[in-house]
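S.K.: Questions regarding the structure given below will be posed in turn.
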Amino acid sequence: MQNTTQAWVDNQSLPLVSESFVEIEYKVTDPGVQEDASAADNGAAAIADTAQITTQGEKNEPAYALLEQNSWILNGGRRLVPAGPPYGDTGFLSAVLCGDDCRFDPVPVVTLSFTEVHQPLIPGVTITWSRAYGEYARSFEVTAYQGESVVAQKRIDDNSELTSLVSVDIQGYDRMEIAIYEWSRPLCRAKLSEVMIGFQKIYTKDQLMGYEYVGSADPLCAKLPENTAVFKISNVNGEFNPDDPQGFSRFLMERQEIRVRYGYKLGDGVEWIRAGTFFISEWNTPQNGITATFTAKGLTEFMSEIYTGGYSGTLYEIAQRALEQAQLPQMEDGSCRYAIDDSLREIAVDLAEDPNKSIAEVVQLCANAACCVMRQDRDGILRIEPLANGIRDYLINQDNSYKRSEYQLSKELKAVSVNSGLAVVQNSPSGEIQTIDNPLIQDAATANRVAQWVKNCLKGRKTMSGQFRADPRLDELDTVTVENSFSNSAVIITEIQYTYNGAFRGKYEGRVTTDAAADTPQQEEEQ
């Protein structure tokens with residue numbers, strides 16, 4: 001569950017909540033190109049860190065006094081440069097200052113180099129100049145090369161924005177140069193915070209014609225997790241018309257990353273929470289329609305290939321080899337997109353026969369054998385970890401439900417049998433036997449532990465579903481309190497659906513675990 005302020009929680013208890021928002025950030029780029037870029041310069045200040053301008057995400061950008069005109073420490077607008085590193089995310093700071101006419105001589109040049117030629121077409125580059133100083137290049141030029149041949153070039157002489165979208169078709173390049181000719185203020189250094197290879201487009205509720213999210217995860221890892229976002233964007237102006245040679249559709253590619261966030265107007269501002277990180281899988285732009293529909297999914301879309309890494313070692317090592325084979329896109333800071341619990345290091349297997357499973361299925365088997373769940377969090381990280389304990393501070397009651405929750409009863413559980421009797425745990429004299437077939441469970445101790453884990457989850461026969469006015473901080477596998485006419489139930493959410501058409505509406509499914517009245521709600525920090 002996502003952490004929020006108390007004002008957010010209080011807002012959800014009102015008969016009418018405040019105005020809500022959905023925002024979708026869509027990066028139009030070549031997947032993997034940002035990670036392949038390395039930055040250099042032709043002369044920088046001693047405290048500059050040009051190499052980090054290709055990294056994205058939250059940055060600490062200090063505003064130091066740099067011996068520039070009207071750059072003073074005493075007026076509170078600048079800081080004294082530390083005696084030694086670290087200096088923070090300073091980005092590129094040119095060694096040379098511009099003149100009284102704001103022009104540079106010599107011209108500062110930042111070079112982005114790539115390890116290979118990138119063929120996919122990108123619509124240009126996004127340059128963020130200096131957020132800390134509030135300065136920008138007034139005149140600059142972007143040139144793309146393949147070897148020594150120029151493949152694209154664009155000069156801008158009238159820029160007045162801190163973030164510049166340089167629109168130029170770029171294809172078949174292995175190097176880019178950004179030459180800065182004129183600055184926005186005299187006697188200052190050129191400053192560059194970030195360069196994105198491609199465009200970054202943000203769609204707000206004004207452009208969104210509909211949004212839906214479906215997330216599911218199984219507390220026994222019996223099913224693969226699902227994270228799917230479907231959204232419709234207004235196409236009245238034909239922006240996504242596939243027949244338009246200059247339209248936006250020519251830049252659409254599978255596996256492009258999108259980020260979604262939800263917000264509510266609270267007081268004078270909007271409080272935002274992450275909604276998820278997804279990757280474009282398909283899109284539809286009807287010729288006679290007024291909307292373009294996009295479907296974006298989670299990381300399991302990258303994990304459909306057959307696993308070839310072998311089945312010898314600890315479960316941790318097998319899962320890690322599988323995830324490395326999947327080549328999941330890296331996080332903005334270069335870190336991997338998965339987190340594996342250390343408990344998987346304690347179980348070793350040696351399986352000679354290859355069960356011919358996909359990467360996703362192998363990771364699922366590893367998680368199941370270690371009594372862990374498999375889920376994708378809202379940062380876009382695939383997590384293999386034990387199910388979190390405790391009931392969250394979240395109540396689904398009659399005030400926020402559109403109708404009473406529905407119950408279903410499964411058949412009585414008689415026993416759990418793992419791998420054809422390697423371990424059998426009894427539950428009741430009659431009923432059905434739940435079988436577990438997992439080739440990565442090889443010893444009786446592990447089999448018995450898994451059987452007991454499955455029995456504890458399935459011995460409660462109730463599952464529950466309902467529709468409610470959703471508070472979108474709820475995640476799959478959260479345990480929440482559901483109020484009904486006779487008692488309160490603790491429910492592990494196995495599937496959650498959010499629909500947004502100006503307001504949030506939700507559907508949920510879950511498994512009843514205990515009587516919630518005896519448990520104390522918790523607010524645990526989101527991982």
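S.K.: In debye to the nearest 20, how big a dipole does the chain give about its Cα centre with +1 on each Lys and Arg Cβ and -1 on each Asp and Glu Cβ?
M.R.: Using only the charged Cβ atoms, the result is roughly 1220 debye.
S.K.: Next question, about the same structure. Among the GluC sites (Glu not before Pro) within region 249-340, which fall in a DSSP loop and have no more than 16 other Cβ atoms within 10 Å of their own Cβ?
M.R.: When the GluC sites (Glu not before Pro) of region 249-340 are filtered for loop state and at most 16 Cβ neighbours within 10 Å, Glu254, Glu305, Glu332 remain.
S.K.: Still on this model: In this model, which of Lys27/Lys154; Lys205/Lys297; Lys232/Lys459; Lys223/Lys265; Lys27/Lys265 are farther than 31 Å apart at the alpha-carbon?
M.R.: Pairs exceeding the cut-off: Lys232/Lys459; Lys223/Lys265.
S.K.: Give the range of the longest stretch in the chain that excludes all chymotrypsin sites (Phe, Trp or Tyr not before Pro) found in loop regions by DSSP and having at most 13 other beta-carbon atoms within 10 Å.
M.R.: Between the exposed loop sites, the longest stretch runs 73-401.
S.K.: With the convex hull built on the Cα atoms of region 68-206, state its orientation-averaged projected area in nm².
M.R.: That works out to 11.2 nm².
S.K.: What is the gain in length, in nm to one decimal, between Asp354 and Gln408 on full extension, counting 0.36 nm per residue of separation less the C-alpha to C-alpha distance?
M.R.: Extra length from Asp354 to Gln408 when fully extended: 15.6 nm.
S.K.: Right, next: With θ taken as phi - 60° and the coefficients 6.51, -1.76 and 1.60, list the Karplus ³J(HN,Hα) couplings across region 292-300 in order, rounded to whole Hz; mark glycine and proline as x.
M.R.: 10, 10, 10, 10, 10, 10, x, 5, 5
S.K.: What residues from region 340-381 fall in the zone where the backbone N is under 13 Å from a label point 7 Å along the Cα-to-C-beta line of Thr308?
M.R.: 359
S.K.: I'd like to know which of Gln287, Ala40, Thr54 lies farthest towards the positive end of the charge dipole of the chain, counting +1 on Cβ of Lys and Arg and -1 on Cβ of Asp and Glu.
M.R.: Gln287
S.K.: Pick out, from Phe486, Pro472, Ile441, the residue whose Cα sits farthest towards the positive end of the charge dipole of region 402-520, with +1 on the Cβ of Lys and Arg and -1 on the Cβ of Asp and Glu.
M.R.: Phe486
S.K.: Please compute the modelled spin-label separation between Asn389 and Ile433, points set 7 Å along Cα→Cβ, answer in nm with one decimal.
M.R.: My value for the distance between the label points is 3.2 nm.
S.K.: Would you kindly derive the ³J(HN,Hα) couplings of region 464-472 from the backbone phi angles with the Karplus curve 6.51 cos²θ - 1.76 cosθ + 1.60 (θ = phi - 60°), listing them in order in whole Hz, with x for Gly and Pro?
M.R.: 9, 9, x, 10, 8, 6, 6, 9, x
S.K.: Could I have the simple spin-label model distance between Ser160 and Gln146, label points 7 Å from Cα toward Cβ, reported in nm to one decimal?
M.R.: For Ser160 paired with Gln146, the spin-label model returns 3.8 nm.
S.K.: Relative to the longest principal axis of the chain, what angle (0 to 90°, nearest 10) does the C-alpha long axis of helix 359-369 take?
M.R.: 50
S.K.: Considering amide H positions built from the backbone, and no H for Pro or chain starts, which residues 5 or more places from Asn419, or on another chain, come under 5 Å of its amide H?
M.R.: Ile436, Asp437, Asn438
S.K.: For the chain, what's the relative contact order in percent, using C-alpha pairs closer than 8 Å and at least 6 residues apart?
M.R.: The normalised contact order for the chain reaches 14 percent.
S.K.: Each residue of region 92-99 in order: what ³J(HN,Hα) in whole Hz does its phi give by Karplus 6.51 cos²θ - 1.76 cosθ + 1.60, θ = phi - 60°, with x for Gly and Pro?
M.R.: Whole-Hz 3J(HN,Hα) from phi for region 92-99: 7, 10, 5, 6, 8, 9, 6, x.
S.K.: Follow-up question, since we're still on this one. Find how many whole Å separate the alpha carbon centroid of region 383-439 from the alpha carbon centroid of region 298-316.
M.R.: Their Cα centres are 26 Å away from one another.
S.K.: Please compute the length gained on full extension between Asp100 and Leu187, using 0.36 nm multiplied by the number of residues separating them and subtracting their Cα-Cα distance.
M.R.: Length difference between fully extended and current span is 30.7 nm.
S.K.: Further question: Out of these labelled values of P(r) over Cα pairs in 10 Å bins from 0, in percent, (1) 3, 17, 27, 27, 17, 7, 1, 0; (2) 3, 15, 22, 23, 19, 11, 5, 1, 0, 0; (3) 4, 16, 20, 22, 22, 13, 3, 0, 0, which was calculated from the coordinates shown here?
M.R.: Answer label, from the structure shown: (2).
S.K.: Within region 302-385, what percent of beta bridges assigned by DSSP are antiparallel, to the nearest 5?
M.R.: Taking every DSSP beta bridge within region 302-385, about 75 percent pair in antiparallel fashion.
Each reported figure results from applying straightforward, stated rules to the coordinates on display, with no laboratory input. All values derive from a computational prediction rather than experimental measurement. Using ideal geometry, Cβ is built from the backbone for each residue, glycine included, and neighbour counts are taken over all protein chains shown.
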